[in-house]
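The next block holds one structure in the form of structure tokens; read it before the comments.
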Amino acid sequence: MTTKILLIDDHKLFREGVRRILEFEDSFEVVAEGDDGEVALELIEQYGPDVVLMDINMPGKNGVEATAEVTERFPDLKVIILSIHDDENYVTHALKTGAQGYLLKEMDSESLIEAIRVVSQGGSYLHPRVTHNLVKEYRRLSDGNDGYAYKAVEYRKPLHLLTRRECEVLQLLADGNSNKGVAESLYISEKTVKNHVSNILTKMNVNDRTQAVVTAIKNGWVEVL
């Protein structure tokens with residue numbers, strides 16, 4: 001099935017670059033483009049996209065405001081925020097409005113394509129560096145909290161569940177690496193990394209790498225420095 005995509009960003013050159021990347025994917029179709037949140041709502045009604053790529057900073061109605069309205073009016077629609085900010089405050093605010101993904105604009109084409117595929121299938125996707133920053137902040141806030149304290153969780157590799165290589169991949173994901181970064185660190189191909197990630201998700205019974213990292217942190221299966 002074709003995933004219909006709406007692209008909302010006030011920088012035309014950036015939109016053109018994203019469109020060119022997505023046009024190489026046979027299963028993707030960019031049905032429309034817009035440059036602010038108000039236009040996004042009109043285009044959603046007109047074209048009925050499956051996924052919206054939404055810039056967070058735009059004149060008029062910004063991406064966060066638009067996403068909040070989109071998710072209320074179109075609950076089945078998936079929104080991926082595009083941003084230059086990796087600060088956890090931006091991320092958590094965007095996710096609270098109902099966005100299913102958060103990508104930094106420095107993303108590579110692989111991350112963009114993977115994010116759309118994961119989100120369109122009901123999962124969530126955060127840029128690897130964003131995931132790492134969120135986990136660090138979550139741990140900082142949780143240390144000493146009576147409800148949950150990471151300091152009480154002893155670090156141990158989940159060798160009861162994953163192979164040693166999969167443990168290495170999981171750690172690198174928690175460190176904020178993309179598939180390419182994992183491949184370079186372990187001197188293996190990106191295709192092999194994708195296979196490892198797929199196996200990890202299946203064995204951990206989670207839908208996406210973000211859930212895998214958060215689950216691993218909570219169980220003490222990876223180290224967060």
With only helices counted (DSSP H, runs n ≥ 4, each -39500 (n - 2.57)), the per-residue ellipticity at 222 nm for the chain, to the nearest 500, works out to -15500 deg cm²/dmol
Highest mean packing first, using Cβ neighbours within 10 angstrom, the peptides 13-21, 122-130 sort as 122-130, 13-21
Log entry: pair-distance distribution for the chain, C-alpha pairs binned every 5 Å from zero, whole % per bin is 1, 7, 14, 18, 18, 15, 12, 8, 5, 2, 0
Once the in-chain neighbours fewer than 8 apart are removed, the aspartates and glutamates whose Cα is under 19 Å from Lys157 read Glu166, Glu168, Asp175, Glu223
In the structure shown, of Lys4/Lys194; Lys180/Lys218; Lys12/Lys96; Lys4/Lys78; Lys4/Lys96; Lys96/Lys203, the pairs separated by more than 20 angstrom at the C-alpha atoms are Lys4/Lys194; Lys180/Lys218; Lys12/Lys96; Lys4/Lys96; Lys96/Lys203
Once the in-chain neighbours fewer than 8 apart are removed, the aspartates and glutamates whose Cα is under 12 Å from Lys61 read Asp9, Asp10, Asp35, Asp36, Glu38, Glu69
The chain: relative contact order from alpha carbon pairs under 8 Å, six or more residues apart, as a whole percent, is 14 percent
Per the 1/(1 + (r/R0)^6) rule, R0 = 25 Å and r from the Cβ atoms of Leu186 and Arg117, FRET efficiency to 0.05 is 0.60
Between the Cα axis of helix 190-204 and the main Cα principal axis of the chain, the angle (0 to 90°, nearest 10) is 70 degrees
With a 1.4 angstrom probe the carbon and sulfur portion of accessible area for the stretch 159-219, in percent, totals 46 percent
Rounded to the nearest 0.05, FRET efficiency between Leu13 and Arg164 (Cβ-Cβ, R0 41 Å) equals 0.35
Heavy-atom accessible area per residue of the chain, all protein chains kept, 1.4 Å probe, expressed in Å², is 51 Å²
Carbon plus sulfur, as percent of the 1.4 Å-probe accessible area of the stretch 3-135, comes to 46 percent
Judged on accessible area alone, 1.4 Å probe, highest first, Arg156, Arg164 line up as Arg164, Arg156
With R₀ set to 35 angstrom, the calculated FRET efficiency between the beta-carbons of Asn195 and Asn57, to the nearest 0.05, is 0.40
One finds the C-alpha centres of the stretch 102-125 and the stretch 1-79 to be spaced, in Å, by 13 Å
Longest principal axis of the chain (C-alpha) makes with the long axis of helix 128-142 (C-alpha) an angle, in degrees to the nearest 10, of 60 degrees
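The values are calculated or read from the model by the stated rules, or taken from the named source; none is laboratory data. From a predicted model like this one, the values you see are computed outputs, not experimental measurements. Backbone-built Cβ (ideal geometry, glycine too); neighbour counts: all protein chains shown. Quick note on the areas: whole protein, heavy atoms, side chains included, nothing else; ligands and nucleic acids left out. Shrake-Rupley method; radii C 1.70, N 1.55, O 1.52, S 1.80 Å.
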